[in-house]
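Asker: The following block contains the structure, expressed as structure tokens.
The values are calculated or read from the model by the stated rules, or taken from the named source; none is laboratory data. Because the structure is predicted, anything quoted here is derived from the model rather than measured. Quick reminder, even Gly has a Cβ in these numbers, built from the backbone with ideal geometry, and neighbours come from all protein chains shown. Accessible surface areas use protein heavy atoms only, side chains included; no ligands, DNA or RNA. Shrake-Rupley method; radii C 1.70, N 1.55, O 1.52, S 1.80 Å.
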Amino acid sequence: MITDDIRTEIRHLLKEKNAVLLAHNYMRDEVQELADITGDSLQLSIEAAKTDAEVIVFCGVHFMAESAAILSPRKTVLLPRADAGCPMADMVDVNGLRNLKQQHPGVPVVTYVNSTAAVKAESDICCTSANAVSVVRSLQQQKLIFAPDRNLGRWAARSVPEKEFVFWDGYCPTHERLNASQVIELKAVHPDALFVCHPECTPDVSVLADHVCSTSGMSPYCAKSPAVKFIIGTEAGILFKLRDENPDKEFILASPGLICPNMKLTALDDILNCLINMQPVVTVPEDVRLKARAALDKMLAVPRD
Ligand code: 13P
Ligand code: SF4
């Protein structure tokens, strides 16, 4: 089938099945272009819960579809590529987290949404890259465990120095491929450019940034800024939205290594096939779902700074 026919057929099936197509900001351009809603992990999980659609087609990775299933138990959640996982989410498991909790009794666990439902269920509260600082500030306790992203944790810790963090040693392999010398070299070549990066970057990279934010924060920041050139330190898929929403500005990817293989798996064919077969469905066992939901609900109740 040619691409235009695939697009038409996907739109037809979405309507027929009362389905909504969600795409994370790192998805391939053609997937973002076709989606009903694009956004970061926080926005998409909120939209997934709000929608009247009976079916959610989640173009992202497994933990995102799980979050949609946790927040929308009566909807069918489809993940077009069952093999789209997240190596950072897989770096923390329930037993490991339980062991760490035993070493720090009474210390609350803040878990980044880039984690499995089972790990969320072991946590006191979740956070995303957009609200990590607000979530940490909202805790009554002075000490906290932060899992699984050591880089997001260290970035949040810089903004909330009064708190004591115990870091899980996880990281995003895609963001860790960007190093400080690449940024310094690019800044020398483009002295008029601002450097904007994601908090999943290593501390020696994020310290060089003019602005650190989630994927949803990047486009508004670049739009409002008087600068016209930006070096971007996050996964390459974000360039689609940045260029689409800021056509008069220039965006330079900080490293050719900023491509997440999992985020690039989902193609239009996969979306079509999943709508035809209504598979793969992502579900979460009810006991896990209820505990994970409590951690997500606590996060959603935290006012944004
Ligand atoms: P956000 O879109 O929430 O900033 O997340 C980045 C990411 O790595 C998702 O996998
Ligand atoms: Fe996971 Fe990093 Fe890929 Fe996001 S970009 S899905 S955190 S590996």
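Asker: Using alpha-carbon pairs under 8 Å, 6+ residues apart, how would you state the relative contact order of the chain in percent?
Answerer: Numbers: 605 pairs, mean separation 69.7, N = 305.
Relative contact order comes out at 23 percent.
Asker: Suppose all protein chains stay in the model; what accessible area per residue would a 1.4 Å probe give for the range 148-305, in Å²? Walk me through the numbers before you get to the answer.
Answerer: Numbers: 7070 Å² over 158 residues.
With the other protein chains kept in place, the range 148-305 gives 45 Å² per residue.
Asker: Mean residue ellipticity at 222 nm from the helices of the chain, using -39,500 (n - 2.57) per DSSP H segment of n ≥ 4 over the full residue count, to the nearest 500 deg cm²/dmol?
Answerer: Numbers: 15 runs with 133 residues, N = 305.
-12000 deg cm²/dmol, from helical runs alone.
Asker: Top mean-square fluctuation among A65, A132, A227, Gaussian network model of the chain, C-alpha springs under 10 Å?
Answerer: Result: A227 has the largest fluctuation of those listed.
Asker: Where both residues lie in the chain, what percent of DSSP beta bridges are antiparallel, nearest 5?
Answerer: Details: 1 of 33 bridges.
Counting DSSP beta bridges with both partners in the chain, the antiparallel share is about 5 percent.
Asker: Still on this model: When the accessible area of the chain is split by element with a 1.4 Å probe, what percent falls to carbon and sulfur?
Answerer: Details: 6510 of 12800 Å².
Taking all protein chains in place, the chain shows 51 percent carbon and sulfur surface.
Asker: Moving to a separate point now. Of the candidates N262, N18, N277, which one comes out as most mobile in a Gaussian network treatment of the chain with C-alpha springs shorter than 10 Å?
Answerer: Of the options given, N277 has the highest mean-square fluctuation.
Asker: On to the next question. So which lysines pass the test for K241, namely a Cα distance under 17 Å, with those fewer than 8 places away in the same chain ruled out?
Answerer: Straight-distance partners of K241: K224, K229, K249, K264.
Asker: Give me the base-10 log of I(q)/I(0) for the range 35-90 at each q in 0.19, 0.24, 0.31 Å⁻¹, Debye formula, one uniform scatterer per Cα, rounded to two decimals.
Answerer: These q points yield log10 I(q)/I(0) values of -0.59, -0.94, -1.46.
Asker: OK, next. May I ask which residue of P148, C172, M278 lies farthest towards the positive end of the charge dipole of the range 146-305, with charges of +1 (Lys, Arg) and -1 (Asp, Glu) on Cβ and the Cα centre as origin?
Answerer: Checked the options; the winner is P148.
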